[in-house]
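To start, the structure under review is shown below, and the notes come after it.
The values are calculated or read from the model by the stated rules, or taken from the named source; none is laboratory data. For clarity, every value in this text was computed on a predicted model and none was experimentally measured. Here the Cβ positions follow ideal geometry from the backbone for every residue, glycine too, while neighbour counts run over all protein chains shown.
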Amino acid sequence: MTIGENIKLKRESLGMSRSELIDKAGISTAQVSRIERGEQKNPNLETLVAISTALNTSIDEIVFGDQSTSSVYLSQMIDRLPKEKKEFIKEMIKMAVMVSSSEQIEAGMKEEKKTGS
């Protein structure tokens, strides 16, 4: 996968719109669009840091995708577990994502109240 595909996949897995990524990363709409479409294949380090920070992920995951060395190792360890433990881990991850999403929504609501929007 390309850097742009990895960014788009991560962004969508977080339920984040392109506009939200642009706002959080402080990068132009045109640049994010070019990166995600694969027109800009080698964004500079400053851009990658801004995007990875906005997506709360590592540069490694953006550049290499979720199959980075640590991801492969973790995946291999999970594959070795009995089925019921794998299912438990999947449920824990789902809950963690839901909690994180609700925290982000709550933080956004608090910010809106502060700004009076």
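A few comments on the model shown:
- Residues that are of a type outside the set (A, V, I, L, M), closer than 14 Å to K10 by Cα and surrounded by fewer than 18 Cβ atoms within 10 Å (Cβ to Cβ) within segment 38-64 comprise T53, N56, S58, D60, F64, listed in sequence order.
- If the condition is being more than 14 Å from the chain's Cα centre (by Cα), among the hydrophobic types (A, V, I, L, M, F, W, C) and surrounded by 13 or more Cβ atoms within 10 Å (Cβ to Cβ), then segment 2-31 contributes only I27.
- Annotation note: Cβ proximity below 7 Å between a residue of segment 69-86 that is at pLDDT below 85 and a residue that is charged (D, E, K, R) (sequence gap 6+ or interchain) occurs for I78/K86.
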